[in-house]
Amino acid sequence: IDGEGASVVTERVSTAGGRAIEVAANVGGEAELGPAAERGADGIGLFRTEFLFYDRESPPGEDEQYETITAALAAFPEDRVIVRTVDIGGDKPVPYLDLPAETNPFLGSRGIRLSLGDHAGLFETQLRALLRAAGHAEAREDGGELAVMFPMISRIEEAEAALEVVESVAADLEDQGVDHAVPELGAMVETPAAAFTADALADRLDFLSIGTNDLTQYVMAADRENDAVADYHDPLHPAVLRAIDRTTSAASGTDAWVGMCGEMAGDPALTELLIGLGLDELSMSAVTVPAVKQRVREIETEAASDLAAEALACETRAEVRDLLGA
Ligand code: PEP
Ligand code: MG
């Protein structure tokens with residue numbers, strides 16, 4: 001994907017028909033915040049917190065995490081910063097946590113499963129830092145805000161349990177007289193289970209963010225890191241598109257908004273399709289933000305809906321690729 005040639009658009013963008021689309025950046029470390037802002041990102045749509053846990057002997061404490069999150073808020077003072085709670089396990093091992101060796105780590109203990117299981121203490125510490133940072137953002141009154149999302153959700157009960165932990169952390173902070181706020185809360189939709197129960201997730205949460213890297217892996221039963229099956233790992237397979245549609249359609253009857261933070265979101269050749277599928281926000285590598293923002297402005301919303309309907313009717317990914325010229 002070549003987004004490098006496009007010039008930076010600093011303001012927010014809408015389609016030709018006036019539908020506002022947020023174009024945000026994915027960030028995996030503090031060093032990426034400045035470049036994301038320079039590329040004109042409308043905030044952070046995915047702040048991966050795993051980097052905080054790497055290259056060290058013990059997990060980061062609450063204050064360290066608070067400092068990192070407030071640095072992200074400072075880089076985007078008027079925008080939303082969506083922080084994902086730690087998504088370790090799977091492809092993201094952390095040696096000192098002594099995670100179990102698994103035959104199929106991508107189908108094993110990762111993300112929210114660890115946060116609600118063996119590593120509940122880490123989850124609470126991280127949520128304390130996040131709720132304090134949300135309080136800090138609220139107190140600044142410059143329009144910037146924090147949002148928090150949970151990775152690898154596959155059961156409604158996990159979303160409910162995560163919300164309960166947030167509530168109990170908020171109650172503890174209240175008792176201790178520590179400044180805090182409860183941020184907007186969301187779930188990543190990156191398992192077929194989440195896509196097919198998106199209505200129930202959308203009822204309980206403020207937003208959903210579709211992680212097409214994992215969603216494609218799980219829908220297609222093709223390991224995202226295995227070159228031998230790389231050809232199967234195609235988000236333009238009709239099954240993946242239908243899972244995305246299922247998610248946006250399920251949320252459309254609720255107050256929850258839906259974004260996308262997988263690699264697919266950063267391809268300007270797919271922007272029209274994604275807008276047609278009903279996404280409100282697209283989050284991507286900072287480098288592609290300018291090209292996607294420019295593309296959004298050219299799109300006629302009705303043509304985008306028609307394109308999405310045609311893509312959803314395709315039976316093979318070859319038909320989808322033909323349709324999109326992709
Ligand atoms: C995804 O799965 O699409 C995603 C954005 O998360 P990650 O790539 O960090 O697993
Ligand atoms: Mg993922």
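Coordinate-derived values only; no laboratory data. Computed from a prediction, not measured in an experiment: that's the story for all the values here. No Cβ is skipped: glycine too gets one built from the backbone with ideal geometry, and neighbour counts run over all protein chains shown.
Results for (1) small (Gly, Ala, Ser); (2) away from ligand 2 (no atom under 16 Å from the Cβ); (3) over 20 Å from the mean Cα position of the chain (by Cα); (4) under 19 Å from Glu145 (Cβ atoms), shown as yes or no for each residue.
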| site | (1), (2), (3), (4) |
| --- | --- |
| Gly45 | yes, no, no, yes |
| Phe51 | no, no, no, no |
| Asn104 | no, no, yes, no |
| Ser115 | yes, no, no, no |
| Leu127 | no, yes, no, yes |
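Give the residue, chosen from Gly143, Gly186, that is of a type outside the set (S, T, N, Q) and within 16 Å of ligand 1 (Cβ to nearest atom). Step through it out loud before you land on a result.
Values: Gly143 fails: within 16 Å of ligand 1 (Cβ to nearest atom).
Exactly one of Gly143, Gly186 is of a type outside the set (S, T, N, Q) and within 16 Å of ligand 1 (Cβ to nearest atom), namely Gly186.
Those residues that are aliphatic (A, V, I, L, M) and touching a Ser or Thr at 6+ places or on another chain (Cβ under 7 Å), I need them from segment 128-151; list them, please.
Here is the first cut: in segment 128-151, the ones aliphatic (A, V, I, L, M) are 129-131, 133-134, 137, 139, 146-149.
Selection gives Ala133, Val148, Met149.
I need the helices (runs of 4 or more DSSP H) fully contained in segment 204-277, keeping only those with at least 3 residues that are without any contact (Cβ under 8 Å) to a residue 40 or more places away in the chain and crowded, with 22+ Cβ neighbours inside 10 Å. Before the answer, list the steps.
On the way: elements: 212-220, 238-252, 271-276.
The qualifying helices (runs of 4 or more DSSP H) are 271-276.
Conditions (1) within 16 Å of ligand 1 (Cβ to nearest atom); (2) crowded, with 20+ Cβ neighbours inside 10 Å; (3) not charged (D, E, K, R), marked per residue:
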{"site": "Gly40", "(1), (2), (3)": "no, yes, yes"}
{"site": "Asp63", "(1), (2), (3)": "no, no, no"}
{"site": "Arg80", "(1), (2), (3)": "no, yes, no"}
{"site": "Ile88", "(1), (2), (3)": "yes, yes, yes"}
{"site": "Phe106", "(1), (2), (3)": "yes, no, yes"}
{"site": "Leu114", "(1), (2), (3)": "yes, yes, yes"}
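Going by the structure shown, is Ile69 crowded, with 22+ Cβ neighbours inside 10 Å, within 16 Å of ligand 2 (Cβ to nearest atom) and not small (Gly, Ala, Ser)? It is false that Ile69 is crowded, with 22+ Cβ neighbours inside 10 Å, within 16 Å of ligand 2 (Cβ to nearest atom) and not small (Gly, Ala, Ser).
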